[in-house]
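What follows is a set of notes on a single structure, which appears directly below.
The values are calculated or read from the model by the stated rules, or taken from the named source; none is laboratory data. A quick note: this is a predicted structure, and the numbers were derived from the prediction, not measured. Please note: Cβ atoms are built from the backbone with ideal geometry, for glycine as well, and neighbour counts cover all protein chains shown.
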Amino acid sequence: MITLTGISASSGIAIGKAFLFDIGIFNVEKKEIASTQIEVEVHHFKEAVLRTRDEVKRLEEKVQRNIGVDIAKIFSAHLLVLEDPLLILDVAQKIREERVCAEYALESVSKNISDNFSAMEDEYFRERAVDVFDICRRILHNLTGVVRISIEDLTEKVIIIAHELSPSDTAHMHDGNVIGFVTEIGGKTSHSAIMARAIEIPAVVGIKEITYQVRNNDTVIIDGSHGTVIINPDKKTLEEYYRRQNEYCIFREGLSWLRDLPAQTDDGYRVLLSANIGTEEEVDVIKREGAEGIGLYRTEYLFLERTDLPTEEEQFNVYKNVVMKVAPCPAVIRTMDLGGDKFLTQLNLSIEMNPFLGLRAIRLSLRYPEIFKVQLRAILRTSHYGKVQIMFPLISEIEEFQQAKSILLSVMEDLEKENIPFDRNIQIGMMVETPAAALVADRLAKEVDFFSIGTNDLIQYTMAIDRVNEEVASLYKPFHPAILRLIKMTIDAAHKEGKWVGMCGEMAGDPLFTLLLLGLGLDEFSMSGSSILRIKKIIRAVQLDEAKVFADEIMQITSATEVQKTLEEMMTKRFGNILEI
Ligand code: PEP
Ligand code: MG
């Protein structure tokens with residue numbers, strides 16, 4: 001039995017069989033081999049290369065047939081890497097000279113090649129670094145016997161153990177065969193963690209090298225609430241976790257009576273509790289949890305894992321389904337937030353050194369207005385079928401909002417000329433997720449209809465902490481007084497102009513912050529479906545004045561550690577059970 005601890009990404013307990021999914025290449029163990037094994041190992045490597053070549057050729061043919069010659073060219077580039085004698089000779093030489101296993105030799109040779117390509121000035125060569133990385137990953141799978149299958153292809157219930165899960169991997173998790181997952185990298189607000197909470201499966205992220213400690217079909221327990229993973233538990237532990245799993249279900253069921261009750265304090269102060277979604281399928285989940293609308297619809301998922309861009313008609317149909325399912329409740333549709341950790345492959349954009357600081361979200365939309373307009377048309381058309389509000393991501397200065405709004409207005413004019421119905425009074429808002437936006441919130445508040453505070457990014461950009469890097473996860477501090485001040489500034493600025501403020505970052509669904517945010521005056525809390533009832537329970541148990549006094553006290557505290565300690569002490573004393581499970 002092995003017990004490991006990582007970052008809690010989605011609460012609940014999952015117990016099941018492990019399925020090793022895609023392993024990271026630049027993370028391979030150095031194993032020394034006996035001299036008698038050297039030629040066996042070289043042979044083993046060459047066979048893996050041949051198997052990989054066959055696999056890529058098959059893929060190339062399939063893509064050529066089904067998608068097109070242009071896209072199939074990606075695989076021709078991969079075949080060139082595979083046929084490069086240097087790669088094969090260098091790996092064989094390393095195995096022979098250093099007596100190391102093939103996986104390790106492949107890792108170091110491919111890392112050298114890909115580093116050399118990455119350092120080149122010519123963009124064409126820089127892109128080849130990605131080809132080398134991809135192809136070596138495939139060889140590695142063939143060497144280790146780890147099969148790369150898509151999550152869609154799973155036929156039984158498993159716990160996924162992976163180095164990392166891409167948005168396209170997680171997009172298939174709705175099918176029900178993934179009962180939990182553990183990844184080596186990532187943080188609480190990585191897209192995979194967000195997705196786990198949305199579909200309500202337990203998950204732990206940031207357990208380094210777990211892919212080396214688990215074998216396919218090992219029994220694994222994930223305690224997502226505490227960030228614990230147990231591999232091959234003994235009988236006593238297994239029984240204990242079945243008991244806790246049961247307790248968790250009873251706790252969740254015990255909240256269900258709150259479903260149809262309003263989110264209002266004991267003295268009648270009403271807020272809105274809505275949900276974040278990324279795909280159409282999630283609407284059913286959030287309705288079951290009693291969401292009063294959608295506070296954040298992450299539309300970018302529609303653009304991922306495909307070779308073309310979604311058409312206006314396709315987007316319109318998907319958005320319309322979502323909007324009609326939640327009507328008459330509102331749906332805040334956020335325009336595409338691509339870039340960062342959600343890469344748009346269709347435009348062949350160059351690889352960025354710091355994608356979270358790069359051509360992301362509204363910046364990408366303003367760079368490609370034609371693509372942006374297609375999305376805006378689809379969203380506006382949808383507004384005829386329910387209550388739609390539109391929101392722009394990652395605004396950091398006033399001109400960005402004005403430009404985005406003026407494109408939206410020009411699209412409205414087009415629709416009017418074409419006699420296509422839409423809501424002329426649609427509310428136009430923006431996310432506050434950069435310190436720059438929060439610091440000029442008083443000015444922005446005059447331009448917008450509403451703000452939605454995106455704490456996932458606000459914390460990342462304020463604290464200079466990469467939100468998906470598990471190495472610095474402990475420094476990612478929502479408790480920091482700087483974050484609390486930026487939130488307060490944003491709320492105060494909006495209220496001064498008579499505008500409403502929501503929060504759709506993960507902080508909104510964290511029960512530790514509910515009383516504080518209520519006291520600061522937040523109007524709307526938007527979170528993953530699984531958090532709604534817990535947060536509602538807290539809101540209904542308190543008085544508004546109590547929340548205000550509490551918020552005043554918290555805002556006086558000097559350090560993040562003290563804020564955390566005080567919140568934990570006060571909230572545990574008041575709501576113990578809700579916070580612990
Ligand atoms: C945020 O940044 O808080 C947010 C809700 O947006 P995303 O997590 O999609 O970046
Ligand atoms: Mg964000």
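A few notes on this one:
- In the range 48-71, the residues that are more than 21 Å from Cys136 (Cα to Cα) reach residues that are surrounded by 12 or more Cβ atoms within 10 Å (Cβ to Cβ) and modelled with pLDDT of 75 or more with C-beta atoms within less than 6 angstrom, at least six apart or across chains, in these pairs: Ile67/Thr307.
- The range 26-85 - residue that is at pLDDT 85 or above and of a type in the set (Asp, Glu) and, of those, surrounded by the most Cβ atoms within 10 Å (Cβ to Cβ): Glu41
- Out of Met195, Met173, sole residue that is more than 16 Å from ligand 1 (Cβ to nearest atom) and among the aliphatic types (A, V, I, L, M): Met173
- For Lys373, the conditions (1) farther than 26 Å from Ser190 by Cβ; (2) among the basic types (Lys, Arg); (3) assigned to a loop (DSSP other than H, G, I, E, B) are fulfilled apart from (3).
- The one condition from (1) within 16 Å of ligand 1 (Cβ to nearest atom); (2) more than 30 Å from Leu544 (Cβ to Cβ); (3) among the polar types (S, T, N, Q) that Asn317 does not meet is (1).
- Residues of the range 327-363 classified as under 19 Å from Ile390 (Cβ atoms), in contact with a strand residue (DSSP E or B) (Cβ under 7 Å, 6 or more places away or on another chain) and either within 16 Å of ligand 1 (Cβ to nearest atom) or in a helix (DSSP H, G or I) (or both), total: 9
- In summary, Val318 fulfils each of the numbered conditions (1) farther than 24 Å from Val448 by Cβ; (2) within 15 Å of ligand 2 (Cβ to nearest atom); (3) free of Cβ contacts under 8 Å to residues at least 40 places away in the same chain with the single exception of condition (2).
- Residue count, the range 286-300 (criterion: part of a helix (DSSP H, G or I), touching a strand residue (DSSP E or B) at 6+ places or on another chain (Cβ under 8 Å) and more than 10 Å from ligand 1 (Cβ to nearest atom)): 2
- Pairs meeting the criteria (first residue in the range 20-41 and farther than 14 Å from Val91 by Cα, second residue modelled with pLDDT under 70 and of a type in the set (Lys, Arg), beta carbons under 6 Å, at least 6 apart or on different chains) are Asp22/Arg148.
- Some residue of the range 225-235 being modelled with pLDDT of 95 or more and in contact with a Leu (Cβ under 6 Å, 6 or more places away or on another chain): yes
- Selection status of Leu238, over 24 Å from Lys157 (Cβ atoms) and crowded, with 16+ Cβ neighbours inside 10 Å: no
- Selection count where residues are of a type outside the set (S, T, N, Q), within 16 Å of ligand 1 (Cβ to nearest atom) and part of a helix (DSSP H, G or I), scope the range 499-531: 7
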